[in-house]
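The values are calculated or read from the model by the stated rules, or taken from the named source; none is laboratory data. Nothing here was measured: the structure is a model prediction, and the numbers come from that model. All Cβ positions, glycine included, derive from the backbone under ideal geometry; neighbour counts span all protein chains shown. Side chains are part of the model used for accessible areas, which takes the heavy atoms of the whole protein and leaves out ligands, DNA and RNA. Shrake-Rupley method; radii C 1.70, N 1.55, O 1.52, S 1.80 Å.
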Amino acid sequence: MAKKNKPTLQIEAEKCIGCELCEAECPFDAIHVVDGVAVIDYEKCKVCRKCITVCPTDCLYLEGVEEGEEEKQPEIAVSTEAGEYSGVWVFVEQEDDQVHPVSWELLGRGRALADTLTCELAAMVLGHNVQAAATESGYYGADRAYVIDDPVLQRYRTAPCASGCITLIRKYKPEIVLVGATTLGRDLAGAIATELQTGLTADCTGLDIDQETNLLRQTRPAFGGNIMATILTREDRPQMATVRPRVMEALPRDESRSVATVAEPLGITEDQIATKITGFQPDTDLDAPNLQYAEVICSGGRGLGNPAGFKLIQELADAFGGVMGASRATVDAGWISHDHQVGQTGSTVRPRLYIACGISGAIQHLVGMQTSDIIVAINSDPNASIFNVADYGIVGDLYQVVPELIRLAKERNLKEALLGQTTSG
Amino acid sequence: MLRMVVCVKQVPDTTEVRIDPETNTLIREGVPSILNPFDAHATEAAVQLKEKYGGHITALSMGPPQAAEALKKCITFGVDQAVLLSDRAFAGSDTLATSCAVTAGLRKIAQEDGLDLVLCGKQAIDGDTAQVGPGIASRLGFPQITYAIGIDKIELDQRTIKVHRRLERGIETVQAPLPALVTCVEEMNELRYASLPNMIRAARYKPEVWTAADLDVDEESLGLHGSPTVVARIFAPPEREPGEMIPGGADDPAGAAASLLDKLLEHLAAGAGE
Ligand SMILES: Cc1cc2nc3c(=O)[nH]c(=O)nc-3n(C[C@H](O)[C@H](O)[C@H](O)COP(=O)(O)OP(=O)(O)OC[C@H]3O[C@@H](n4cnc5c(N)ncnc54)[C@H](O)[C@@H]3O)c2cc1C
């Protein structure tokens with residue numbers, strides 16, 4: 001066989017996601033991410049192939065290499081320290097005796113993870129007078145509840161709550177810790193993970209166990225939501241992740257389940273905490289949509305043409321007994337407030353019925369609603385990507401179709417029909 | 001006099017990111033880079049605090065050399081000084097390694113000039129993690145006040161700060177000692193137009209660049225090495241099965257609407273029987 005020219009490093013630029021892993025790996029400073037794409041400096045490149053082994057999208061390759069000549073990727077070892085850690089933990093978020101439902105959803109997912117790993121599923125409950133929440137965590141799947149009950153924890157503050165969680169984690173060494181990606185949960189998780197010097201993956205949409213390594217595979221939208229990335233915390237423990245409300249499903253509440261409780265002291269007194277809560281003003285805006293837990297959502301997009309179009313969407317939502325959602329394009333245009341936004345940078349929703357009117361179906365919108373039970377799309381463009389996920393699609397002008405839908409839905413009392421369904425279902 | 005540092009990030013303007021419908025990949029060419037919008041509000045908050053209490057503001061960013069543009073933008077707001085942490089050693093950082101490098105930068109600033117208040121945006125719009133702010137606060141041992149919508153007051157002699165926070169069910173007011181770290185949401189303030197002198201200053205401004213060697217930090221905790229999380233796999237999002245198209249939307253909207261309702265009721269009834 002004739003010897004080819006010296007091999008050169010090449011890049012398939014359209015596959016590159018600009019993750020900078022190659023840049024970090026290159027010993028010769030020969031590859032740089034410029035405007036989101038890796039650029040090779042051929043003066044410096046020594047064709048050592050290090051970048052190729054780390055590239056997650058396989059966009060780097062050697063040209064001028066004969067088949068079969070390519071090297072195998074080295075396996076990356078999993079640490080042994082991990083062995084000390086066992087158990088899946090869920091942080092139970094509660095305020096004013098109310099547990100945030102995301103905690104039960106995480107226990108639902110956590111149950112499956114713990115069963116796969118054949119380890120214990122535990123709830124981490126911090127607050128004041130939280131025995132009821134601990135008992136309840138058993139009904140939703142926890143085997144054990146680690147409880148710190150202290151008046152200092154009456155209202156959530158980062159420092160004492162994080163300190164309590166860290167004490168528990170250091171003492172009992174769970175392998176996995178899951179926290180809701182709520183305002184409170186995000187405030188807490190970042191503080192804990194930094195103190196423990198471990199990995200934390202935000203806003204996971206999928207969590208499962210890698211069969212070979214037993215690592216937690218944390219999947220989340222990345223790089224603008226156009227692609228999904230599976231992230232691993234290989235060596236450090238615990239493996240920590242946050243998950244948004246409505247992404248996972250809670251198990252049915254089962255009062256026959258009991259939970260073993262382990263109580264620990266907080267070890268901090270009020271005078272040791274510098275941050276004081278001096279006031280709280282609850283929201284009085286009762287119209288604020290509760291998108292996350294709505295059973296029916298009717299959403300409008302840029303296809304409405306103008307802000308007044310949302311009146312029609314509100315009427316549609318009323319006729320179906322639902323709440324109003326929106327695409328980011330309409331929020332950015334100032335047609336409607338951000339509380340209504342569905343999608344990657346808005347709420348994740350999982351209603352029984354989602355009706356999208358004049359929404360094109362950009363991936364960032366889809367990731368927020370594609371686990372809805374039934375999706376209906378009304379769009380004038382037959383090629384709109386929203387039709388790829390819709391169970392029922394109507395190609396047409398929303399201003400022609402939606403008024404008819406409202407009229408008929410009222411006539412046939414759809415609201416009641418849906419209500420009946422959702423309570424029995 | 002308040003010594004403030006605003007931590008900012010340069011991000012792709014996500015509203016401009018488009019997908020190639022043929023290949024279903026990101027079209028990155030021509031996507032402008034901007035100052036992360038939440039960081040713009042944090043910067044404005046610092047400038048307003050300086051107007052009220054007097055002080056000095058440094059904008060600090062970690063990123064490639066091009067990120068100097070985001071820092072110049074901060075200068076147009078009225079920031080006094082800007083520092084860019086830029087080094088190949090920082091590449092591939094996850095949120096833990098990022099907070100490590102930024103904290104090292106903050107420590108250096110604190111040593112040289114003193115530090116009363118760190119301001120951050122609540123999150124960066126490209127990653128949406130909201131983890132770096134709390135990470136920095138933990139490392140510095142500062143109280144962390146996230147999701148701030150307003151700074152009620154600062155008592156310079158008592159060294160306290162009082163902040164309103166936007167929570168899911170209302171607005172909380174907290175008081176903490178200085179130095180502290182505050183992360184800002186967009187309700188914090190309205191951005192103003194840059195003044196002409198600030199724009200001229202920004203155009204000529206060259207941020208100071210610090211490399212890993214300038215910082216008192218263990219290189220092992222930076223960049224790829226200091227990042228516990230790794231991206232193991234990248235794939236296209238799974239698609240839902242396409243469903244049924246109901247005809248007549250254009251010429252018989254009433255008929256199409258009626259047939260949709262029939263199907264919906266049927267579907268719901270079937271679902272309830274499962
Ligand atoms: C990082 C990032 C995060 C993002 N986060 C989100 C997010 O959380 N949520 C979100 O929604 N978007 C998000 N986006 C934006 C997203 O990419 C899209 O730009 C946005 O969803 C488009 O909104 P739209 O469908 O309303 O508008 P368009 O894409 O403009 O679609 C309008 C649709 O209306 C149809 N139409 C027009 N007139 C009519 C009519 N008379 N009757 C019927 N149909 C009509 C058109 O055919 C078109 O399909 C994000 C983008 C990025 C990069």
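Would you mind getting me the FRET efficiency between B:Arg240 and A:Thr269? Use the beta-carbon distance for r and R0 = 51 Å, nearest 0.05. Display every interim value, and only then the final one.
Details: r = 53 Å, r/R0 = 1.04.
Using R0 = 51 Å, I get an efficiency of 0.45.
Send over a whole-number figure in Å² for the accessible area per residue of chain A, probe 1.4 Å.
Numbers: 18310 Å² over 425 residues.
Averaged over the residues of chain A, the accessible area is 43 Å².
Please give the per residue accessible area of chain B, computed with a probe of 1.4 Å over protein heavy atoms only, in Å². Walk me through the numbers on the way to the answer.
Working: 12020 Å² over 274 residues.
Spelled out: the 1.4 Å probe surface of chain B, per residue, equals 44 Å².
Based on Cβ point charges of +1 for Lys and Arg and -1 for Asp and Glu, what charge dipole magnitude is obtained for chain A about its Cα centre, in debye rounded to the nearest 20?
Numbers: 36 positive and 60 negative charges, 71 e Å.
Approximately 340 debye in magnitude.
Take each of the peptides B:64-75, B:85-96, average the number of other beta-carbon atoms within 10 Å over its residues, and list them starting from the highest. Don't skip to the end; give the middle numbers.
On the way: B:64-75: 21.1, B:85-96: 23.3.
Final packing ranking: B:85-96, B:64-75.
Would you mind computing Rg(Cα) / (2.2 N^0.38 Å) for segment A:82-270, counting N as its residues? Working shown, then result.
On the way: Rg = 15.3 Å, N = 189, 2.2 N^0.38 = 16.1 Å.
Compactness ratio reported: 0.95.
Beyond a 22 Å Cα-Cα separation, which of these cross-linked pairs lie in this structure: A:Lys15/B:Lys73; A:Lys15/B:Lys72; B:Lys9/B:Lys108; B:Lys9/B:Lys73? Could the numbers behind the result be given before it?
Numbers: A:Lys15/B:Lys73 31 Å; A:Lys15/B:Lys72 31 Å; B:Lys9/B:Lys108 19 Å; B:Lys9/B:Lys73 11 Å.
From A:Lys15/B:Lys73; A:Lys15/B:Lys72; B:Lys9/B:Lys108; B:Lys9/B:Lys73, over 22 Å: A:Lys15/B:Lys73; A:Lys15/B:Lys72.
Return the Rg/Rh ratio of chain A with Cα-based radii and a Kirkwood Rh. Provide the component values of the computation, followed by the final result.
Details: Rg = 25.4 Å, Rh = 24.6 Å.
For chain A, the value is 1.03.
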Using Cα positions and a limit of under 19 Å, work out the lysines in reach of B:Lys162, with same-chain residues fewer than 8 apart set aside.
-> A:Lys276, B:Lys50, B:Lys52, B:Lys122, B:Lys153
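What are the semi-axes of the equivalent ellipsoid of segment A:83-152, taken as the square roots of 5 times the eigenvalues of the Cα gyration tensor, listed largest first and rounded to whole Å? Can you show the working numbers first?
Details: eigenvalues 93, 33, 15 Å².
For segment A:83-152, the semi-axes come out at 22, 13, 9 Å.
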For segment A:82-270, give the share of DSSP beta bridges that are antiparallel, in percent and rounded to the nearest 5; count only bridges with both residues there.
-> 30 percent
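Using a 1.4 Å probe over the heavy atoms of the protein chains, calculate the carbon and sulfur portion of the accessible area of segment A:8-63 as a whole percent. Present the calculation step by step, with values, prior to reporting the outcome.
Working: 1340 of 2660 Å².
For segment A:8-63, the apolar C and S fraction of the accessible surface comes to 50 percent.
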Within the accessible area of segment B:73-112, what % is carbon and sulfur when the probe is 1.4 Å and the other protein chains stay in place?
-> 42 percent
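Counting other Cβ atoms within 10 Å of each Cβ, which chymotrypsin sites (Phe, Trp or Tyr not before Pro) in segment B:146-214 have at most 12 and sit in a DSSP loop?
Working: sites: B:Tyr147, B:Tyr193, B:Tyr205, B:Trp210; in loops: B:Tyr193, B:Tyr205.
Those that pass, being in a loop and sparsely packed, are B:Tyr193.
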So, with a 1.4 angstrom probe, what is the percent of accessible area on segment A:296-424 that is carbon and sulfur?
-> 48 percent
Taking a cut-off of 22 Å between Cα atoms, list the lysines near A:Lys44, but don't count ones fewer than 8 places away on the same chain.
-> A:Lys4, A:Lys6
Rounded to the nearest 5, the percent of antiparallel DSSP beta bridges in the protein assembly as shown equals 40 percent
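Ranked from highest to lowest mean number of other Cβ atoms within 10 Å per residue, what is the order of the peptides A:243-250, B:35-42? Don't skip to the answer; put the middle values down first.
Values: A:243-250: 21.0, B:35-42: 24.4.
Result, highest mean first: B:35-42, A:243-250.
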Enter the Cα centre distance for the pair segment A:253-329 and segment A:357-408, rounded to the nearest angstrom.
-> 24 Å
Estimated inter-spin distance, B:Glu219 and A:Lys311, nm [label 7 Å along Cα→Cβ] | 6.7 nm
Expressed as a whole number of Å, what is the distance separating the alpha-carbon centroids of segment B:51-101 and segment A:96-127?
-> 39 Å
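So what is the 222 nm mean residue ellipticity for chain A from helices alone, if each DSSP H run of at least 4 adds -39500 (n - 2.57) and you divide by all residues, rounding to the nearest 500 deg cm²/dmol?
-8000 deg cm²/dmol
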Cα-based Rg (one decimal) and Dmax (whole number) for segment A:8-63, in Å?
-> 9.6, 25
To the nearest 100 Å², how much accessible surface do chains A and B hide from each other in total, with a 1.4 Å probe?
-> 7800 Å²
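Under the classification rounded if a/c is under 1.5, otherwise prolate if a/b is larger than b/c and oblate if not, where does chain B fall, given a ≥ b ≥ c as square roots of the Cα gyration tensor eigenvalues?
Numbers: a/c = 2.09, a/b = 1.78, b/c = 1.17.
Judged from the Cα gyration tensor, chain B comes out prolate (a/c at least 1.5, a/b above b/c).
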In nm, what is the difference between 0.36 nm times the number of residues separating A:Phe28 and A:Lys44 and their Cα-Cα distance?
-> 5.1 nm
Can you work out D for segment A:296-424 in µm² s⁻¹ from Stokes-Einstein, where Rh is the Kirkwood radius over C-alpha pairs, the temperature is 4 °C and the viscosity is 1.567 mPa s?
-> 91 µm²/s
Amide H to amide H, which residues 5 or more places from B:Ala82 or on other chains are under 5 Å from it, using H placed in the peptide plane?
-> B:Ala59, B:Glu208
